[in-house]
Structure formats: C-alpha cells, structure tokens
1. Return one whole number: the accessible area per residue of the range 281-320 in Å², for a 1.4 Å probe.
2. Once a ≥ b ≥ c are taken as the square roots of the eigenvalues of the Cα gyration tensor of the range 328-415, is the result rounded (a/c under 1.5), prolate (a/b larger than b/c) or oblate (a/b not larger than b/c)?
3. Arrange the peptides 106-112, 49-55 so that the one whose residues have, on average, the most other Cβ atoms within 10 Å appears first.
4. At a 1.4 Å probe radius, carbon and sulfur cover how many percent of the accessible area of the range 270-379?
5. What ranking, highest mean first, results for peptides 334-340, 301-307 when packing means the other Cβ atoms within 10 Å averaged over each residue?
6. Are any of the pairs LYS129/LYS179; LYS109/LYS386; LYS177/LYS381; LYS352/LYS419 more than 21 Å apart by Cα-Cα distance, and if so, which?
7. For the range 383-390, in order, what is each residue's ³J(HN,Hα) by Karplus, 6.51 cos²θ - 1.76 cosθ + 1.60 with θ = phi - 60°, in whole Hz (x at glycine and Pro)?
8. Per residue, how much accessible surface does the range 44-159 expose to a 1.4 Å probe? Answer in Å², no decimals.
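The values are calculated or read from the model by the stated rules, or taken from the named source; none is laboratory data. Here the structure is a predicted model, which means the values were calculated and not measured. Cβ: placed from backbone, ideal geometry, glycine included. Neighbour counts: every protein chain shown. The protein model used for the area step is the full one, side chains on, heavy atoms only, and it has no ligands, DNA or RNA in it. Shrake-Rupley method; radii C 1.70, N 1.55, O 1.52, S 1.80 Å.
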Amino acid sequence: MCDFQIRGRTHGMEIVLKEKDAVDWVYRGEGAANIVLAYTGSSPAFIGKVMRIQKAPINGSQRARSPTAFTKYEYLLWGDIGNLVSCTDRDIAAQAFVQHVMSPLLGSKHVDAGKLVKVSREFLELAEKEVSSQRPSWRVNTGKIDTQRDYALILSDHSIFLHGALDGEPCISVEIKPKCGFIPFSRFISHGNAVKRYLFSGSKDRILKAVKDLFSTPQNNFRVFLNGSLIFGALGGSAENTDVIVGEAFEDALKSDVRADIGLCTTSLLQLVTETLYKSGVLDRLLEVQKLDSLDIEGAIHAYYDVISEPCVVCGQLNEDEELHRYASLHSLPLDQSLKIVKNFLIAATAKDCSLMISFRRRLCEEWGSSNNTIRLESGKFFDYKAHFIDLDLKPMKKMEEYYELDKKIVSLYRKIEKGKVGDISNAKFYKSKLGK
C-alpha cells in the first residue's frame, strides 16, 4: 500500500467487484496496454464511469508478484515525489503518478486521476470472456485482460455530460491522440537524423487543417462518440481512411446534436473541435510538458545508462571521435542531473502518448452567459465543452532502451523514403505512433 492509494467505498465499506458484477461492464475500446469497459448497471457508485484494466500478452510469462512497484533505479528516479515509491502495487503507483505528477503539470481541471477499486480474479475472468467477441481479432490474438491484477482504475466517462440542467441534450465527444507537438531541438541529435520534424501550431487555421486531416485519415488517432456510443473511428484498432460512404453516415449521425444546415454537420463539428483546442489552451499545456524532453532520446539514453550504472551501449557502438565527444559531457554529469534528465524524458513520453477527450453539449439558451467553457460557432449556435487528458500512463524506466531502438527504426525508414528506396510510408508511421511522435 501507500499513502496515495484511493479506493471506492460504499457506506464505509471497501468495494470489491465480484464475478456477478462483470455483466454490468461492456467493451468500450482498448489500446496497447489497457482495455476500457463502460458501466451499464444501476449502482450509484459507477453510473457515468468507465474502467481501465491492464492487459497481459497472449502466451506471455505470468506477472511476477513483487513486494514493491518499482525497481531499485526507479526508487532513485521517483524518490522525491512524496511517498510514491512506497506503493506496493504498480496500479496504485500509476494512479498516484497521474494525481501527483501529471495533474499539476497539465492542470487539475483537465486531468482525472480516477479511483482504484479491488477486483476479484473471477470478475476479471468473466469480463475477459464477455468482451472477447467485441474486440478486434488482431487485438484478441495479441493480448487479453490480465486476470492477476488486484485493482482496476475507475474514471469518469468523459464522453458524456452526466449532470446539469440539460441532461436531455445529446453529448458528442471527440477523442484525439495529439502525439508529439514540437520540433526536436537537442544538440545531441546526430547530424544524420535531421528528418525528425513535428509541430503543434498556435494558428487556428493550421489547427483546423490538422483536425480535418485527422478526420480524413483517423487511424487510431481520432474517434467520435455520441452519448457515449462510438459513431466514428475504430473501437480497438485502426480505422480506414474516411471515404464518401463513411462521411455520409457520419454526417447523418451528427444531425441530432450539431443541428447544422444540411451537409454541414461534419464541418461544424470540426470547427467546434478547432475552436475548443484554440480557446481552452490544452495543447499549450501539453506542449510545455512534452518539452521536458529537452535532449531527445539520443541524449537522454546516455543519462539512462549512467543512472543504471552500466556501460553506455550507445557510445560503445560509435566509431567517430566527434560523436563520442558530443556525448562525453552527458556522461560527466552528477547523478542528480542524470536522474532529472531521465525523469523529465519519461514524463514527456507520457505526455506524447496520451489522448485528449473533448465533449460538447448544445446550449438551448443561446446566449454567451458567464461560462468560460462555451464556444459559439459561426452559425450562431452555442456549445458547452469540457476537455480532459486520458491515458496518462507511468512509463517503466526500462522502456528507455525500447524508445531508443524505435527511434532508430523511424529514422532509418524515413531516410530510405527520402532516397526513394521505400515507396510505402505506413511502416514509418507505425513505428512513429509507437514512440508517441
């Protein structure tokens, strides 16, 4: 346990979800590491909630039980964050990380740390059985609900507005994976890797263009929900490009909520998303956290090897004296500075890999009022909005090595593309999405 642990309670009793409770949770979607279930039952404790459960690989090794949630080097890394390292379970530590690290950085208004509830093995086994038929087959073949978990994370369902005077009004929500939003500027990026480029924009027109591009090619980076039900994008996989048929079906589904002129519902929604991103400033906050990675993985990996007290594998592969000299200054840093570099990189990695959920509900009383969370479209219609970051997962320190190898693959593929040796950019995009860029 640790001081940060939060569990659901009813009338002073700890909630433990049992086998009989599993039928009230339905499949909402999933990513590489977690499955998300939505609550459909009548318990006041869970109405308007979703559950995130960690996955385990198919045919993978059993999760080892450990008296601590961290490795000895992670103790060094997170030791200054209150009692975070005293957590005895990785799920508890992950929830504490969101509450005490990511929430202050991104703004508590936009971060829901959630609450942990205990789950029985029977609950997890039945939940796995119930959702298997709803999951994409390729997801089923690679992972399943980890039935050895002790806890599940309960979060508010940010795809709906649960309370308020307009509970009868439809709610439309857009989930976006922003990825990395800045051009790497580290002097430790080698000269041959100058192809690393990406950017968030402060221009409303450029934000609108990016949103339109996401709609046209959603992959797993753009999804839309109506009253909590998916109407655009893929539940657990990658959606195809938006063709005419998909676009018309989506336009029709939006009529009840956006209520724009015929043929303009999609346009109005994309404008609504753009206005919200611009007005709320959430991308600005996200960008500042992402920029904690000031050295890029090409610099941070050297600090990582110093922290774990192992010879630098990267330097061992370099042949040029110029490159070795470039990284010598990193290896001469005191331990506290190396720890700060690695910590900031991992926090930034979380920010590059999170999702942003933006929800809208039309105001019947079409006046601006005193609300700061209101958007007015050119059509004259008003919408209340809320924006929350989700999937703020704590990254294991060992993942630094994986980030470095993925970065090399991305750069290698783009070099080949630039030279005309690879005609298909899809593989490069795949690796880039894995790295959160």
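1. Value returned for the range 281-320: 41 Å² of accessible area per residue.
2. Prolate, since a/c reaches 1.5 and a/b exceeds b/c.
3. Result, highest mean first: 49-55, 106-112.
4. Ligands and nucleic acids excluded, carbon and sulfur give 47 percent.
5. Highest mean packing first, the order is 301-307, 334-340.
6. Pairs exceeding the cut-off: LYS129/LYS179; LYS177/LYS381; LYS352/LYS419.
7. Karplus-based 3J(HN,Hα) across the range 383-390 equals 9, 7, 9, 9, 9, 9, 7, 10 Hz.
8. Heavy-atom SASA per residue in the range 44-159 reads 45 Å².
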